[in-house]
1. How would Lys234, Lys169 line up from fewest to most surrounding beta-carbon atoms within 10 angstrom?
2. Roughly what would the spin-label model give for Thr40 and Ala59, points 7 Å off Cα along C-beta, in nm?
3. Explain nothing, just the number: relative contact order of the chain, from Cα pairs under 8 Å at least 6 residues apart, as a whole percent.
4. Using +1 at the Cβ of each Lys and Arg and -1 at the Cβ of each Asp and Glu in the chain, identify which of Gln250, Ala39, Leu177 lies farthest towards the dipole's positive end.
5. In region 9-53, what trypsin sites (Lys or Arg not before Pro) fall in a loop by DSSP, with at most 12 other Cβ atoms inside 10 Å?
6. What size of dipole, in debye to the nearest 20, comes out for the chain about its Cα centre when the only charges are +1 on Lys and Arg C-beta atoms and -1 on Asp and Glu C-beta atoms?
7. In what order do Thr222, Thr41, Thr231 fall by count of nearby beta-carbon atoms within 10 Å, going from fewest to most?
8. Step through the residues of region 26-41 one at a time and calculate ³J(HN,Hα) from phi using the Karplus curve (6.51 cos²θ - 1.76 cosθ + 1.60, θ = phi - 60°), rounding each to whole Hz and writing x for Gly and Pro.
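What follows draws every value from the coordinates through simple rules; no lab data is involved. Bear in mind that the values here come from a model prediction, so they are computed numbers and not experimental data. Neighbour counts are summed over all protein chains in view; Cβ atoms, including those assigned to glycine, are modelled from backbone coordinates with ideal geometry.
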Amino acid sequence: MTKKNGYVNLKTDKAGIGTIEFYHPQSNSLPGELLSKLATTIKLASEKNEVRVIVLKSAGDRTFCAGASFQELIEIKNLKQGIDFFSGFANVINACRKCKKIIIGRVQGKAVGGGVGIASSVDYCFATKHSSIKLSELALGIGPFVVGPAVERKIGLSAMSGLAINAEKWFSSEWALQKGLYSEVFEDNDQMDNAIEELAAIISKSHVDATVKLKEIFWSGTEHWDKLLFTRAKISGKLILSDFSKNAIQKIQKK
């Protein structure tokens with residue numbers, strides 16, 4: 001994939017720190033092709049013996065991930081297309097869940113919808129003060145059905161419900177820190193990157209079997225998510241076909 005269309009890259013250094021970076025020119029939104037590539041790359045890093053810890057990040061400065069690609073959402077014409085698209089987010093979340101390596105998230109800016117789901121699916125999430133979050137799906141005539149389980153697991157049902165209901169409000173990075181979505185919040189990217197480098201180096205030297213077992217404990221009780229998230233993708237895939245959703249997306253695109 002070219003930079004014009006977006007990309008997903010995996011780079012591994014000599015210490016065993018595997019960095020997965022994704023990018024899309026439209027505020028790091030995620031079309032189906034990028035979602036598929038991201039899930040595949042996480043699975044690949046999970047199986048690579050030379051990778052001991054993963055840093056998951058996006059390119060750019062102030063937007064971590066704008067969520068679903070509006071262009072692809074507006075082009076969905078039938079239920080199968082809808083299910084296929086939202087299954088892309090399900091596959092990324094499940095790839096994080098099943099990954100054998102600890103995943104450190106780097107959130108340098110705003111996260112919307114699926115971006116909040118990705119931030120919720122890493123094991124330890126760093127952010128800057130600019131990293132406010134929003135679950136905007138209800139405003140689009142759907143809902144955070146696919147990402148909901150990941151977000152709820154991280155911050156609890158009450159906080160997730162607040163995000164889902166107040167779909168046009170930006171919740172601050174401080175709020176996300178207090179609720180447990182973010183593990184640490186920094187003033188700027190440099191401070192955050194120094195902390196990520198330090199933690200990743202520590203984890204890379206940890207006992208591999210211990211980190212694998214720890215990861216299993218973290219995700220205990222989610223073994224049914226392959227089925228659950230696919231079921232949720234069906235819900236979103238059906239709702240996105242409504243005139244309400246199409247009109248809501250078109251209004252946002254015209255702004």
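1. Neighbour counts put them in this order, fewest first: Lys169, Lys234.
2. According to this spin-label approximation, the distance is 1.8 nm.
3. Relative contact order, the chain: 21 percent.
4. Result: Gln250.
5. Those that pass, being in a loop and sparsely packed, are Lys14.
6. On the way: 35 positive and 26 negative charges, 134 e Å.
With only Lys, Arg, Asp and Glu charged at Cβ, the dipole is about 640 debye.
7. By the 10 Å Cβ count, ascending: Thr231, Thr222, Thr41.
8. With coefficients 6.51, -1.76 and 1.60, one gets 8, 6, 6, 6, 10, x, x, 5, 5, 4, 4, 5, 5, 4, 5, 5 Hz.
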